[in-house]
Each structure stands twice: as C-alpha cells, then as structure tokens.
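Undergrad: Here it is, the structure in full.
No value in this document is a laboratory result; all are computed from the given coordinates. What you see is a predicted model; the values in this text were computed from it and never measured. Reconstructed Cβ throughout: ideal geometry from the backbone, glycine too, with neighbour counts over all protein chains shown.
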Amino acid sequence: MCSACFASGAGIVAAVPGLIDESPPSSGWFSRWRFGMLTLLAMAVVLVGIVLFDGGSGADEPTTTAAAASITIPPMPATTEAPENAAPDFSLALMGGGSFTLSEHLAEDGRPVILNLWASWCPPCRDEMPDLNAAAVANPDVLFLGIAVSDDPVAAEEFATSIEIAYPIGFDESGRVGASFPAAGLPSTFVIAPSGEVVQMAFGRLSPANIDILVDIARQG
C-alpha cells in the first residue's frame with residue numbers, strides 16, 4: 001500500500017533543451033541546411049517521444065487518485081462464501097497499553113469491525129476521525145479500530161488524545177499491516193464481518209453519511 005494521502009495529481013511537462021536555436025540569423029545555404037537539420041531533429045525527438053509515451057503506458061505508469069470531500073461506496077458482491085475476501089489476521093500494540101489481534105477479537109468478542117487506516121500526517125485522515133469517533137460512541141455494537149500506518153506513535157497518540165478518541169488505536173510503524181490490505185492511499189476503511197470476511201471497502205475521506213452506510217453494512221455482515 002502506498003502510504004500517501006489521496007490527492008489530486010498533476011501532469012508533468014518536460015522541456016527538451018537544445019531544440020531551439022537562439023543564435024543570430026545567418027544567410028546562405030548553411031543557414032538553410034542548419035534550419036532543415038534542426039527541423040528534422042525536432043521531428044525525430046517528437047516521434048521518439050510518442051513511441052516512448054505509447055510504449056510506457058503499461059503497469060509501470062504512475063497513477064493518481066482524485067481527492068473528494070465525500071466518497072461513493074461501491075457495493076461488494078453479496079456472497080456467503082468468499083475466501084478471497086478474508087481479512088488478513090494481524091496483531092498490534094494499542095495506544096494506552098495492551099494489544100489487539102483480529103482473530104482473537106472475532107473468536108471472543110464477535111462484533112463486526114470497521115477498520116480505518118490513517119496517519120497523523122494525513123490531513124483527510126485527521127478531518128474524518130472526529131466523525132468516526134462520534135459514530136463509534138453511537139454504535140457500540142460495532143467495533144471501530146484505527147491503525148496508524150507508517151506513523152510516529154507519539155504524533156499519532158498526541159492527535160488521537162487531542163480529539164479524545166473513544167475507540168482503540170493501533171500502531172503499524174513499519175506499514176506491514178497496512179500493506180496487507182488493498183489500499184492505494186490513506187485514509188482507507190474496511191468493514192470486517194464476524195465471519196472474518198471483508199464485506200466492504202471505502203477509500204478517501206468519509207462523510208458522516210458514508211460512515212452510517214458502513215455501520216449498516218457491518219450490522220448486516
């Protein structure tokens with residue numbers, strides 16, 4: 001998983017030096033020959049650029065994701081058996097002490113989990129956390145869990161404490177847990193059913209209405 005916030009991307013314009021002749025104009029066949037050679041050179045560079053551009057549009061092409069104040073949550077296929085949707089198990093230290101292991105929670109507690117991957121350096125993550133916190137307080141039958149990905153635990157704890165976060169926060173300093181989930185950036189949120197399946201994914205900043213949808217899905221899961 002790329003540990004960057006969802007943000008709008010911009011195209012890159014590269015200038016090729018040496019194609020513009022800035023010397024004083026001259027006369028005669030040498031001037032015409034030089035102009036012709038420069039024209040051919042410019043055409044050749046353009047053609048090479050087109051070939052390289054077309055040939056490099058495969059898997060290595062960088063991608064960007066547009067940011068949005070709210071998101072549309074696409075439905076996942078309804079199914080009772082989908083091993084490929086099983087959430088990866090993990091164990092993390094929690095803010096304030098203790099630890100959380102997903103498989104143990106599902107076996108012993110049984111509540112569905114709304115897992116939010118975030119970081120204190122990610123503005124959209126910080127913006128949505130008060131709304132997640134309010135939803136966690138209002139819906140105790142669903143466990144909200146925040147995981148600070150590739151973050152400084154001190155900075156993450158300071159921010160979570162400043163907004164009086166009510167749900168558990170885990171620390172994934174190496175980013176290994178975050179990388180096990182199919183997220184392209186932060187924040188990313190996953191609904192994990194009591195069966196251990198990921199029944200919904202949402203990418204980008206969640207609005208309160210989006211969070212309510214995820215809570216309903218969690219209860220149905």
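Undergrad: Would you please name the GluC sites (Glu not before Pro) within the range 133-221 that are DSSP coil residues with at most 14 other C-beta atoms within 10 Å of their C-beta?
TA: Answer by residue number: E164.
Undergrad: May I ask what percent, to the nearest 5, of DSSP beta bridges between residues of the range 83-220 are antiparallel?
TA: In the range 83-220, approximately 60 percent of DSSP beta bridges are antiparallel ones.
Undergrad: Next question. Which whole-Hz couplings ³J(HN,Hα) result when phi for each residue of the range 181-186 is put into the Karplus expression 6.51 cos²θ - 1.76 cosθ + 1.60, θ = phi - 60°, listed in order with x for Gly and Pro?
TA: After applying 6.51 cos²θ - 1.76 cosθ + 1.60, I find 9, x, 10, 9, x, 10 Hz.
Undergrad: Okay, next question. Largest first and in whole Å, what are the equivalent-ellipsoid semi-axes of the range 83-220 based on the Cα gyration tensor, each being the root of 5 times an eigenvalue?
TA: Working through the eigenvalues yields semi-axes of 20, 17, 15 Å.
Undergrad: Next question, about the same structure. Sort 137-143, 111-117 by the packing proxy (mean of other Cβ within 10 Å over each peptide's residues), most packed first.
TA: 111-117, 137-143
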